[in-house]
Structures are given as C-alpha cells and as structure tokens.
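Since the structure comes first, as structure tokens, the remarks are kept for the end.
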Amino acid sequence: MVAATPCAACRLQCARANAWRCWAANGVGKTTLLRTLSGLVKADGRITFDGRPILGRRPEWIVRCGVSHVPQGRGCFAELTVEENLRVGAFTRRDAAGIARDIRHWYEVFPRLGERRDQPAGQMSGGEQQMLAIARALMSRPGCCCSTSRRSGSPG
C-alpha cells in the first residue's frame, strides 16, 4: 500500500478555452487545489490566469476573470430550479440573448435538464445534479473550467 502525500507545491498550465481536470488518489489535495484556484481556500504562493494574479482574490472576481469551478458532488443550489441555477452561472454576463441561447444549448446537451427546468435542483438525482453543475459552470463562458470529477468531461 502506498500512502498519498498532500500536494505541497505544483505547477499547472491550462490554455485558454480548455477544460482542466485533476485526477489523483484520494487524500492528495485535489479538492483543496481546486478550491484554492477558485478563491475558496487561502494559500501561499502564486496563481495567475491570463497573466493576472488571482491568489487571494474573491471567488466572484476569479469567475469574472474567466475561471469556473465544477464543484465536487452535488454542487447545485438545491432550493433553486434548474433554470435558476443556470442563470446563477451566468451572473457575470449581461447579454440576455446569449444567456437564453446558452440555456437552450445546455438543455440540448443534457435533455434531462430541459425536462426538469422548473424543478428544484435538490429533487433531482445525483447524476442530474452533476449535469447541472457542469452546465452552470460553463454558463459564464469561462476561459478555464476546473474539475476534480471524472464525470465532468465533455458530454456525450
């Protein structure tokens, strides 16, 4: 049996308009790394995106810079409907027509979301909530979308 050592230092590079996934053994810090990139955990060091330092910034500022996060597990707002969750994902955008187009797009990619658009997310299965978490993260049209879940790859 090999013991996993939590990540103490790393260097990552993700080209703009790509998805980034972190796969590793349990307990090595994948979720902590993702939360640090997203501004949810304080850390020392340096993190930049598009040449701008993002370490220590608020999560909403990081999203506005173009980094989104697919939360692990059931990362939805349970009391909000599917459509409200998708709109929350677009909070940085002001293009109403583009937001409506993207919502329709995600209903086509994940037909179950379209069928359940008016249903509270907390009433959906875990797999359906994961689809919603992915679509919500991509509603901001990020330059980089980060995930630790193997299910967060390209649909289909």
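The values are calculated or read from the model by the stated rules, or taken from the named source; none is laboratory data. A quick note: this is a predicted structure, and the numbers were derived from the prediction, not measured. Quick reminder, even Gly has a Cβ in these numbers, built from the backbone with ideal geometry, and neighbours come from all protein chains shown.
Sort out which residues of region 94-124 are surrounded by 12 or more Cβ atoms within 10 Å (Cβ to Cβ), of a type in the set (Asp, Glu) and either under 17 Å from the mean Cα position of the chain (by Cα) or under 17 Å from PHE77 (Cα atoms) (or both), and write them in order of number. Explain how you work it out, then say what you get.
Restricting attention to region 94-124, the residues satisfying the condition of being surrounded by 12 or more Cβ atoms within 10 Å (Cβ to Cβ) are 98-100, 102-103, 105-107, 109-110, 112-117, 119-124.
Narrowing further to those that are of a type in the set (Asp, Glu): 102, 115.
Once the filter is applied, which keeps residues that are surrounded by 12 or more Cβ atoms within 10 Å (Cβ to Cβ), of a type in the set (Asp, Glu) and either under 17 Å from the mean Cα position of the chain (by Cα) or under 17 Å from PHE77 (Cα atoms) (or both), region 94-124 yields only ASP102.
Quick one: in region 57-79, which of the residues that are touching a strand residue (DSSP E or B) at 6+ places or on another chain (Cβ under 7 Å) and surrounded by 14 or more Cβ atoms within 10 Å (Cβ to Cβ) is modelled with the lowest pLDDT? My answer is HIS69. Whether any residue in region 95-115 is over 21 Å from VAL41 (Cβ atoms) and in a loop (DSSP other than H, G, I, E, B) is what I want to check. Yes, the conditions are met somewhere in region 95-115. Filtering region 131-151 to residues that are in a helix (DSSP H, G or I), more than 23 Å from GLY98 (Cα to Cα) and touching a residue at least 60 places away in the same chain (Cβ under 8 Å) leaves only ARG150. Pairs meeting the criteria (first residue in region 91-117 and closer than 14 Å to THR81 by Cα, second residue crowded, with 16+ Cβ neighbours inside 10 Å and acidic (Asp, Glu), beta carbons under 8 Å, at least 6 apart or on different chains) are ILE103/GLU83; ARG112/GLU128; LEU113/GLU128; ARG116/GLU128; ARG117/GLU83. Of all the numbered requirements in (1) within 20 Å of ARG117 (Cβ to Cβ); (2) modelled with pLDDT under 90; (3) exposed (fewer than 11 other Cβ atoms within 10 Å of the Cβ), ASP44 misses one, and that requirement is (1).
Can ARG87 be described as in a helix (DSSP H, G or I), surrounded by 15 or more Cβ atoms within 10 Å (Cβ to Cβ), modelled with pLDDT of 95 or more and basic (Lys, Arg)? Please lay out each step first, then the result.
Numbers: in a helix (DSSP H, G or I): yes; surrounded by 15 or more Cβ atoms within 10 Å (Cβ to Cβ): yes; modelled with pLDDT of 95 or more: yes; basic (Lys, Arg): yes.
Taking the combined requirement at face value, the residue satisfies it.
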